[in-house]
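Note sheet for the following structure.
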Amino acid sequence: MSFRVPGFILAALLFVGYRVIKPRTQASNPPERWNLSTLFLASALTLFAELALIRWVATEVRVFAYVKNLALLLCFLGFGLGCALARQRPRWQTAVTALVGLIVIVRLPWRGPQIMESLSQYLGGAQDIEILGTHVVHDTTGFLLAVLVITILLLLLTYIFIPIGQTVSRQIELAPRPLYGYSWNLAGSLVGILAFFAVSWLALPPAIWFTIVLAGVAMLQSNRSDTFRLAAAILPAAILLIDPSTPHHFNLWTPYQQIELEDENFPDGELSRTEIRVNHTSYQTMVNLSPDFLARHPGLLAEAPDENPYNLPFRFAPPNPNVLIVGSGTGNDVAAALRHQSRHVDAVEIDPKILELGRHRHPEHPYDDPRVSTHLTDARAFMKRTTARYDLILFGLLDSHTQLSDYSNMRLDNFVYTEESFREARALLAPGGVLFLKFYVSHHFVGQRLAEMLTSTFGKAPVVFRAPSSYATSAVCFAISTSTQVETSLAGDPRLRQFVDARQPAFLASPEVAVTTDDWPYLYHQGHWIPGIFYLLSALVILLAAVFYFQIPEARTRIPSLFFFSMGAGFLLLETQVVSRLALYFGTTWQVNGIVIAAILSALLLANFVIEKKQRAWPRAWTLSGILAGIACAYFVPFQRIPGSAALVGTFAAIVFAIPVFFAGLLFASEFRSVESPAAALGANMLGAVVGGLLENLSLIVGMKALLIVAAVLYSLAALGFRGLKSPQPDERG
């Protein structure tokens, strides 16, 4: 494969980059009057645009979904630079040019998708990380061109947020009290988060997201001509983002991912199957394996019907089983369970839109059967709560490769394939019950890891074999039981034994690999190290930050506040810990993600309220001790050993994690209240968050829990920054 960018496209990329980077004279000074509505709108726009861009870019350019917080760091970097440039005129025209340029490059009608796919191939194709749909490509020219394109994308992302940071920080400076302005900033941010989650829940497409962003930018203009000129950018952006749609081929943005659905028909017009792609990659195929349908189309299956990956699990299970399907999707596994006379089926699916597609479009209509109970939730959350016992637990090709959280490197299936998860599943098996796992294995270390975890959990090796299919989705299968049920099934079915023996995967002979745990849940990473692609893109972020920093007029005379810098870095690590840890107890659903982030902002608002009401300064040492004590509790408390329901333990964990968050908010608010330059403080805080995001990569080496120690070190470092701050004093009350 070669990566070739036509000359005129490369020229367009360079022109957009030049137009964005080129310095512009400031036509007028920024406003000097406090405006609450401007601050609130700009704050809401910050979070809404941030979440929209993070999700959209990670979908369109797959490598962004695998590198920890890459898009988030660029948003923070742009916002931090804007804070440092608060006294200059906001660069709204630059931001809109950058946003439209980003959309144009990613969505080029003639080559956009191919170029973006090549980026993932050249930057993400590696042996030590599995990025769905990529493979190793050795081409120096292609690699350098990929670096060039990705650098321009990073620049554009950064520039989008500079004027938003300028507006927010300037309004906080002009507020009656800095802390009062900061409180409204947090309130607006909370509204922005809730607004984006509402848009996601309604499955609205990116054309709507960015129309809202551009409309918000237009509303922030003080000059009517600027308003109309910037609003004019809405039309071309929306046109580029709209995908053609027919009843049999359309795109749908669910709360988690982008889905492309396409029906395939026989020559006579009868539906053959429905192909579903997620984030531009083949994901699953909705098929009809009913006996009547196969009888009408005898050449459809190259394999025998009972050797199809959807029918195979039931050749290992007891007759008439009680079934749990983890990742039931559009219903293929559910339909197979019903064809094999299952007594009852608990179908667990996290994505409401995929479940809805299965209900309305699956040709066998499995979700309409009264024997089927659907559960719209996270797999781990369901397994923690159910009291049922199952004859067959089926992990149905649950490999999303989709980033869920925008504040940590979590994916929908992050905590599904861990040792703890398999132990929970084992505990749900009835006597003689079978756990059957299907997975698309493209890297040997992933298959070897799954086999080793099942061996460790059950005390014996699973039966592993490939199950190809000419009609449905092929898979690698793992079958295991606490009893001898699997072995008995093989002994009593010579055809099944011959089928399994003839299809042994090569990865079974691979060396041992690191297994995944709830503390190191990185299924798609080969081992406890940081992949090379992470170093490359992190270096680009650091380089951009350095270049931008020295363009700030005060950069040569003023260094960022160590206190606010360290607070930003420490808080980002603490925030990602809260999101990821609570997901273990309440699930990795988008609702939980949104509620946790909103709760964090609410805790900071509460801290601001406490500081505003207090007439004397809080002791710095006491507040910092509260942060460190809270982090110590979060680190040392063995939540997994606490008896009680998952909801009860999760609630206790939320309270424990709320302690350092609240005290961090108190310390930040106490110092921010009396800071000489709120804009400089916010800028240092955002730049610190960039560093904190880069430090989160350390979890790939030491695990997630150890990031709490890193956060504690950063907060201790913040104490050294007290020497550069004056003692906080109570505000003048007006």
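Structure above, values below:
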read-out	value
Checking Pro305 against (1) more than 27 Å from Ser470 (Cα to Cα); (2) open to solvent by 10 Å² or more (accessible area, probe 1.4 Å), the condition it does not meet	(1)
Odd one out for Thr588 among (1) surrounded by 20 or more Cβ atoms within 10 Å (Cβ to Cβ); (2) part of a helix (DSSP H, G or I); (3) at pLDDT below 70	(2)
Pairs, first among the polar types (S, T, N, Q) in segment 521-534, second open to solvent by less than 10 Å² (accessible area, probe 1.4 Å) and part of a helix (DSSP H, G or I), C-beta under 9 Å, six or more apart	Gln526/Val446; Gln526/Arg449
Lone qualifier among Arg723, Arg673 - being open to solvent by less than 10 Å² (accessible area, probe 1.4 Å), at pLDDT below 85 and more than 29 Å from the chain's Cα centre (by Cα)	Arg673
Number of positions in segment 186-229 that are open to solvent by less than 40 Å² (accessible area, probe 1.4 Å) and among the charged types (D, E, K, R)	1
In segment 230-246, the residues that are without any contact (Cβ under 8 Å) to a residue 40 or more places away in the chain and either among the charged types (D, E, K, R) or open to solvent by less than 10 Å² (accessible area, probe 1.4 Å) (or both)	Asp243
Residues being out of contact with any Pro (no Cβ under 9 Å at 6 or more places or on another chain), of a type outside the set (S, T, N, Q) and either under 21 Å from Thr59 (Cα atoms) or in a strand (DSSP E or B) (or both) - total across segment 259-280	9
Residue under evaluation Lys460, criteria (1) out of contact with any helix residue (DSSP H, G or I) (no Cβ under 7 Å at 6 or more places or on another chain); (2) closer than 30 Å to Pro298 by Cα, criterion not met	(2)
Residue within segment 360-375 that is part of a helix (DSSP H, G or I) and out of contact with any strand residue (DSSP E or B) (no Cβ under 7 Å at 6 or more places or on another chain) present	yes
Filter result for the condition that a residue is of a type outside the set (Gly, Ala, Ser) and surrounded by 23 or more Cβ atoms within 10 Å (Cβ to Cβ), over Gln577, Gln551	Gln577
Spans of strands (runs of 3 or more DSSP E) in segment 411-493 with at least 1 residues surrounded by fewer than 19 Cβ atoms within 10 Å (Cβ to Cβ)	429-439, 463-467
Of all residues in segment 315-350 being buried (at least 24 other Cβ atoms within 10 Å of the Cβ) and part of a helix (DSSP H, G or I), the one that is farthest from the chain's Cα centre (by Cα)	Phe316
Among the candidates Tyr283, Tyr256, residue that is open to solvent by less than 20 Å² (accessible area, probe 1.4 Å) and either of a type in the set (A, V, I, L, M) or not in a helix (DSSP H, G or I) (or both)	Tyr256
Residue match in segment 504-514 (condition: of a type in the set (Gly, Ala, Ser), modelled with pLDDT of 85 or more and either farther than 28 Å from Ser580 by Cα or surrounded by fewer than 16 Cβ atoms within 10 Å (Cβ to Cβ) (or both))	yes
Subset tally (residues that are over 27 Å from the mean Cα position of the chain (by Cα), assigned to a helix (DSSP H, G or I) and of a type outside the set (Ser, Thr, Tyr)) for segment 205-233	8
Residue in segment 638-652 that is of a type in the set (A, V, I, L, M) and crowded, with 21+ Cβ neighbours inside 10 Å present	no
Of all residues in segment 265-280 being over 30 Å from Val213 (Cα atoms) and open to solvent by less than 70 Å² (accessible area, probe 1.4 Å), the one that is nearest to the chain's Cα centre (by Cα)	Glu275
Exclusive hit being farther than 30 Å from Gly693 by Cβ, charged (D, E, K, R) and within 33 Å of the chain's Cα centre (by Cα), set Arg466, Arg497	Arg466
Check on Leu294, open to solvent by less than 60 Å² (accessible area, probe 1.4 Å), at pLDDT below 90 and farther than 30 Å from Ser200 by Cα	no
Pick from segment 18-58, criterion open to solvent by 10 Å² or more (accessible area, probe 1.4 Å) and small (Gly, Ala, Ser), ranking: modelled with the highest pLDDT	Ala44
Unique match (being among the aromatic types (Phe, Trp, Tyr), modelled with pLDDT under 95 and within 21 Å of Gln284 (Cβ to Cβ)) among Phe478, Phe465, Phe439	Phe439
Selection count where residues are more than 21 Å from Pro305 (Cβ to Cβ) and part of a helix (DSSP H, G or I), scope segment 494-527	4
Selected residue (criterion: nearest to Arg87 (Cα to Cα)) from residues of segment 653-670 that are open to solvent by 20 Å² or more (accessible area, probe 1.4 Å) and among the β-branched types (Val, Ile, Thr)	Ile659
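The values are calculated or read from the model by the stated rules, or taken from the named source; none is laboratory data. Being a predicted model, the structure only gives us computed values, none of them experimental. Cβ sites come from the backbone with ideal geometry, for glycine too, and all protein chains shown count toward neighbours. To get the accessible areas, we keep the full protein, side chains included, count just its heavy atoms, and leave off ligands, DNA and RNA. Shrake-Rupley method; radii C 1.70, N 1.55, O 1.52, S 1.80 Å.
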